[in-house]
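**Q** Structure below; questions to follow.
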Amino acid sequence: MSDLPDCRLYLITPPGFDLAAFSDLLRAVLDAGDVACLQLRLKEVDDDTIRRAVDTLMPIAVEREVAFILNDRADLAAELGCDGVHVGRDDGTYKEARAMMGKDAIVGTTCHNSRHLAMTDAEAGADYVAFGAFYPTDTKDVTHRAEIETLDWWAQMMEVPCVAIGGITADNCAPLVQAGADFLAVIGAVWNHPDGPAAGVKAMNAAITGATGPRPH
């Protein structure tokens, strides 16, 4: 069996950054421990800013076999050859994103705490569904709160992977891992870690392992 844990880190970029400085930081962060995928999440910027960020950051991720996912913009993700796109409920539908991205790309969707939305998207072909927010977060205004029972139900009912998001840290992630989350999406737990983002990745991976134990070979 694979050495990869059952639950892995889904890293989202900070809300804003200097591209040149962030490139070097990202290399160190992705080298610090297991990261399944990197989502580029830039709000309220023009398309060329997104294009420049993808052109600079995607090769860093690809070189480390980390899937590179663009938030919201299936059109740009397809144009730029990203590994996938994450679609929020206000950013078009799964089917629209799939049509633009093609059958082989990763397309994931935001489902808040809705079992109905998650099942609909999964049955349509979504590669993952994201539930949240599980905890308070400073990254965005939380209008939807998710319940750990939703993760547990999903893990028992469905094979499509699920992502937990929203205020997740090394200190509070254990119940989510134990409930069956396949990925933990984090921002502040890594980028705002007091000892630096690389330490944040190490701390999250240690917490995931601590919650599950190493996966048997």
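Please treat every number below as a calculation from the coordinates, not as lab data. As the structure is a computational prediction, the values presented were derived from the model and not from experiment. Every residue, glycine among them, receives a Cβ derived from its backbone with ideal geometry; neighbour counts consider all protein chains shown.
**Q** Taking only DSSP H segments of four or more residues, each worth -39500 (n - 2.57), what value at 222 nm results for the chain once the sum is divided by all its residues, to the nearest 500 deg cm²/dmol?
**A** -12000 deg cm²/dmol
**Q** Suppose every K and R has +1 on its Cβ and every D and E has -1 on its Cβ; what is the size of the dipole of the range 13-110 about the Cα centre, in Debye to the nearest 20?
**A** 260 debye
**Q** Running Debye on the range 12-52 with equal point scatterers at the Cα sites and no solvent, what base-10 log of I(q)/I(0) appears at q = 0.32, 0.33 Å⁻¹?
**A** The calculated log intensity ratios at q = 0.32, 0.33 Å⁻¹ are -1.26, -1.28.
**Q** Right, here's the next one. Give me the one-decimal nm value for the distance between modelled label points at M157 and E79, 7 Å along each residue's Cα-to-Cβ direction.
**A** 3.8 nm
**Q** A105: net charge of surrounding residues, Cβ under 9 Å, Lys/Arg +1, Asp/Glu -1, itself excluded?
**A** Here the count lands on -1.
**Q** Which of A28, A181, A126 moves the most in a Gaussian network model of the chain with Cα springs under 10 Å?
**A** Residue with maximal mean-square fluctuation among A28, A181, A126: A28.
**Q** Which order do the peptides 165-175, 96-106 take when ranked by the mean count of other beta-carbon atoms within 10 Å per residue, highest first?
**A** So the order, starting with the most tightly packed, is 165-175, 96-106.
**Q** Here is a further query. Just for the Cα atoms in the chain, what are the lengths along the principal axes, largest first, rounded to whole Å?
**A** Result for the chain: principal-axis Cα extents of 41, 40, 38 Å.
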